Amino acid sequence: MATANHSPIRRDWLSKTLAGLVLGAVLGLGGSGLFLQFSTDMPLSVRGQLAMWMVPPIWLGVLGGVFFFASGLRAWLWLGGTGALVLGALSALRLS
C-alpha cells in the first residue's frame, strides 16, 4: 500500500489561527454593532443581552472556519476585507 508523503501539520496554521482570533473578534463585535443599529424597536435590556451574547458564536465560528482557507494569507485577506465592510457599514449607519 502506497502512502502519501503529506505533512500532517501545515506551516500556516499559526497565521490562520491569528487571523481567526483577531479578525474573528472584529467580525463578532462589528456584527453585534450592526445588530444594535438595526434593532432599535426592542427594549434596551433585551437588545443589549442579544448583542452581547452574539459575539462569542460569531467569533468562534470564524475561528473554526478559518482552517478551510487554502493559506493564511487568504484568510487574512478575506476576513480583513469582510471586517472592513462590516465596520464601514457600521460607520455609515452611525453617521446617517
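The values are calculated or read from the model by the stated rules, or taken from the named source; none is laboratory data. Keep in mind that what you see is a predicted model, and the values were worked out from it rather than measured. Cβ: placed from backbone, ideal geometry, glycine included. Neighbour counts: every protein chain shown. Accessible surface areas use protein heavy atoms only, side chains included; no ligands, DNA or RNA. Shrake-Rupley method; radii C 1.70, N 1.55, O 1.52, S 1.80 Å.
Suppose we filter the stretch 26-45 for residues that are in a helix (DSSP H, G or I) and farther than 20 Å from residue 93 by Cβ; how many remain?
Final tally of qualifying residues: 1.
Could you list, in sequence order, all residues of the stretch 65-92 that are within 21 Å of residue 13 (Cβ to Cβ) and either more than 10 Å from the chain's Cα centre (by Cα) or among the aromatic types (Phe, Trp, Tyr) (or both)? Can you show your working first?
Step one: filter the stretch 65-92 for residues within 21 Å of residue 13 (Cβ to Cβ), giving 65-80, 82-83.
Matches in the stretch 65-92: 67, 68, 69, 70, 71, 72, 73, 74, 75, 76, 77, 78.
List pairs: first residue in the stretch 70-96 and open to solvent by less than 40 Å² (accessible area, probe 1.4 Å), second residue of a type in the set (Phe, Trp, Tyr) anywhere in the structure, Cβ distance under 7 angstrom, at least six positions apart or on different chains.
Filtered contacts from the stretch 70-96: 75/69.
Could you check, for the stretch 4-14, whether at least one of its residues is hydrophobic (A, V, I, L, M, F, W, C) and surrounded by 11 or more Cβ atoms within 10 Å (Cβ to Cβ)?
Yes: the stretch 4-14 contains one or more residues that are hydrophobic (A, V, I, L, M, F, W, C) and surrounded by 11 or more Cβ atoms within 10 Å (Cβ to Cβ).
May I ask you to say which residue of 53, 59 is without any contact (Cβ under 8 Å) to a residue 12 or more places away in the chain, in a helix (DSSP H, G or I) and aromatic (Phe, Trp, Tyr)?
53
Filtering the stretch 19-37 down to residues that are open to solvent by 40 Å² or more (accessible area, probe 1.4 Å) and in contact (Cβ under 8 Å) with a residue 40 or more places away in the chain, which residue is nearest to residue 69 (Cα to Cα)?
21
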